[in-house]
Amino acid sequence: MSKTRTPKLWRLLAAIFALALVAAACGGTDDDPATDTTEAMEDDAETTEAMEDDDAETTEAMEDDDGEAMAGGTISMAIVAPSAKDDLAFTQSMVDSIAALDGDIDLQITDGTFVVEEAAAAIRGYAEAGVEVIVAHGTQYGGSLAEIAPDFPETTFVWGTASDTQGLDNIFAYYPAADEGGYVLGTIAAAISESGNIGIVGPVEAGDAVAYIDGFANGAKDNGATDVSIVYTGSFGDVALAAETAQAHITNGADVLSGSAQMVVGAVGVAAQNGVPWFGTQANQASLAPDLVVASQVYHWEGVLQQVLDARAAGTLGGEVFEINLGNGGLVIEFNDGYPLDPAVKTAAEATIAAVADGSQSTGV
Amino acid sequence: MLEYLEAIFSVAVLASGIRLATPYLLAGLGETVGQRSGVLNLGVDGVMQLSAFFAYWTVLVHENLWLGIGVSVLVGLVMGIIYAIVTVFFEAQQGISGIGIFLFGLGFSDLMFQKNVGTPRFVKSLPDVRIPVLSDLPVLGEALFSHSVVIYGAFLLVPAVAWLLRKTTFGMNVRAVGENPQAADSLGVSAQRTRFIAILIGNVLAGLAGGALVLQLGVFQPNLTQGLGFIAVALVYFGAWRPSGVMVGALLYGLVAASVLQLKALQLIPRSYSDIAAMAPAVLTIAALVILAGRVKAPAALTRPFARH
């Protein structure tokens, strides 16, 4: 029998190929701190370019100047987030908010880090690279931050959604009073529903999703909805399951839908196919279904972030908790002009917004 | 109790379960062919992600669903060629190679989406085709005969793959190579060529599964499959390496998921049990695998690279 064993060269090539596959896969985590790829801010292309070209020097300068750089010059920030930066939901709300801040900001993004260990590596990588303000945009990153933050006492970590700083003086925490916008949208949903049957598509029963959904359900029930069905699919990312959940709601008679988290694109698609109005949260979702998205509760974190930057410039690196709500402008109800909402309903909704904002209307959450 | 049964055994749940089962079925059928030849492919999920993205992108640009389906098959074919070269000709360890393919698919589809599309946008989705006469049958007509062409195709592939494996020379070669590639090779059956073709078939079906998933939804998101391909691999074990068994497993998984959603939507599952109920399909699959373990025999040469001595 002839011997035709694969030469060692081929084995080596196979190993190189496998490594190449893994290396290419790493490209999916956009803007890996290890490679110092900088995410370009729309209005700050030159600064970003400078950082890409001369990253080490920039970091050195930041270390030397510290407070001065924050007060008048460029500040380096990074976001680590669990979903895509343009998910029309949770992560995009933070990316858009940083883009809306005044001043020169070098922003780096690591998104799609569903795996906490990957996020932890990215957070530590940014801290080691000298990034001044690191936003850990996910409740699940709290445990990692508790380990990392003490190792970098000069770095400001911003963590949310969370309502405590874990006792560390270089962590700021933030959370949305999502029930407030949820309540307002629930009242509108009840007003436009003919059947009084409203369906909600939720992810995992945790965090701001629960606040939004409970607020929405209470707003709808307080205003005449007879049947508000809530389904938590058990996943933040399963688009197919969200779609089937929306279909189940519609089959059971729901004529208005809402939902929270990035997997709701599947549900919005089903709503659009069936001509069912949709209410969004976290980011403005009107682009998904221009004729059917009635309104969205949009998170504007820029107020919180500005306070963080101001505090850091004044020498406070953390230790405070911030809430965004309808009253301080962190939560904004954005109506979609493409949906023909009855003006009377809109006027009533605006009155509800004012009432919730000044505390005269409770959300029941 | 009656209300629970009425909720589960409804037309809507049956139709939903079939839709959810289809990507598992397509990927599982392909993986069955590959595993019967002795090749474990843990890269199924990555292939699905890649094919899903490219099918979506194609439809987004060209607005042609059939072109999108074709592209998903083509992506599966290309990934199959790569995986076959690595595992068959380079004799690389199958598990590690498969994980490499998975990571590549996950990362590259995400990267391509971010660079070329960005924000999720809807494309045309596969339309339902009502089969004349059959779709008018009471109860079952609506549930079974009002789906997209890809769903019908997936279930028609079950007997086709069974026939391929049991009745054709190629199928016999696949089974022989999966049991003892050295013996088959010594008798004139090229184990390498047989495994190569089996891997191609498996990856083409995985690609089609990705295309079916994304074009049923009409939208793509990074990590769209959410580990669906790994469940499909598990369903091959569940189905005892038989196409009909894989179909039963896929349907069970899809129907349980659809039933749980319906029970939640009707508020028949208390909210405090909501997240636990969401795990029901996976728990059932694991339980079935535990029960089946030891009672069914895997292809003897599964995961063993073949080297001609």
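The values are calculated or read from the model by the stated rules, or taken from the named source; none is laboratory data. Predicted model, so just to flag it, every value in this text is computed and none were measured. In this analysis, Cβ positions are derived from the backbone assuming ideal geometry, glycine residues included, and neighbour counts consider all displayed protein chains.
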> Being in contact with a Lys or Arg (Cβ under 8 Å, 6 or more places away or on another chain), crowded, with 20+ Cβ neighbours inside 10 Å, away from every other protein chain (no Cβ under 11 Å) and under 24 Å from A:Gly329 (Cα atoms), is that true of even one residue in region A:171-186?
Replying inline: yes
>> I'm told B:Leu103 meets every condition in (1) over 26 Å from B:Asn223 (Cα atoms); (2) modelled with pLDDT of 90 or more; (3) among the aliphatic types (A, V, I, L, M) except one. Can you identify the failing condition by its number?
In response: (1)
> Can you pull out the residues in region A:340-356 that are among the charged types (D, E, K, R) and either in contact with a Gly (Cβ under 6 Å, 6 or more places away or on another chain) or over 24 Å from A:Gly275 (Cα atoms) (or both)?
Replying inline: A:Glu350
>> Out of everything in region A:245-265 that is more than 25 Å from the chain's Cα centre (by Cα) and over 17 Å from B:Leu20 (Cβ atoms), what residue ends up being farthest from the other protein chains (Cβ to nearest Cβ)?
In response: A:Asp255
> Residues of region B:26-64 being touching a residue at least 60 places away in the same chain (Cβ under 8 Å), assigned to a helix (DSSP H, G or I) and aliphatic (A, V, I, L, M), which ones?
Replying inline: B:Leu26, B:Ala27, B:Leu29, B:Val33, B:Val44, B:Val47, B:Met48, B:Leu50, B:Ala52, B:Ala55, B:Val59, B:Leu60
> Can you tell which of A:Asp151, A:Asp169 is out of contact with any Gly (no Cβ under 9 Å at 6 or more places or on another chain) and either assigned by TED's automatic domain parsing to the domain that holds A:Gln108 or of a type outside the set (Lys, Arg) (or both)?
Replying inline: A:Asp151
> Given the residues A:Ala217, A:Ala211, A:Ala242, which is the only one that is more than 10 Å from every other protein chain (Cβ to nearest Cβ), of a type in the set (A, V, I, L, M, F, W, C) and without any contact (Cβ under 8 Å) to a residue 60 or more places away in the chain?
Replying inline: A:Ala217
>> With the requirement that a residue be aromatic (Phe, Trp, Tyr) and surrounded by fewer than 19 Cβ atoms within 10 Å (Cβ to Cβ), what does region B:90-121 give you?
In response: none
> Of the conditions (1) more than 25 Å from A:Leu341 (Cβ to Cβ); (2) modelled with pLDDT of 95 or more, A:Asp255 fails just one. Which one is it?
Replying inline: (1)
> Looking at region A:321-365, which of its residues are in contact (Cβ under 8 Å) with a residue 60 or more places away in the chain, under 20 Å from the mean Cα position of the chain (by Cα) and not in a strand (DSSP E or B)?
Replying inline: A:Asn325, A:Leu326, A:Gly330
> If B:Leu77 passes every condition in (1) at the interface with chain A (Cβ under 10 Å from one of its Cβ atoms); (2) out of contact with any Ser or Thr (no Cβ under 8 Å at 6 or more places or on another chain); (3) within 26 Å of B:Ala301 (Cβ to Cβ) but one, which one does it miss?
Replying inline: (1)
> Any chance region A:116-132 includes a residue that's closer than 30 Å to A:Asp227 by Cα and either outside any helix (DSSP H, G or I) or within 14 Å of chain B (Cβ to nearest Cβ) (or both)?
Replying inline: no
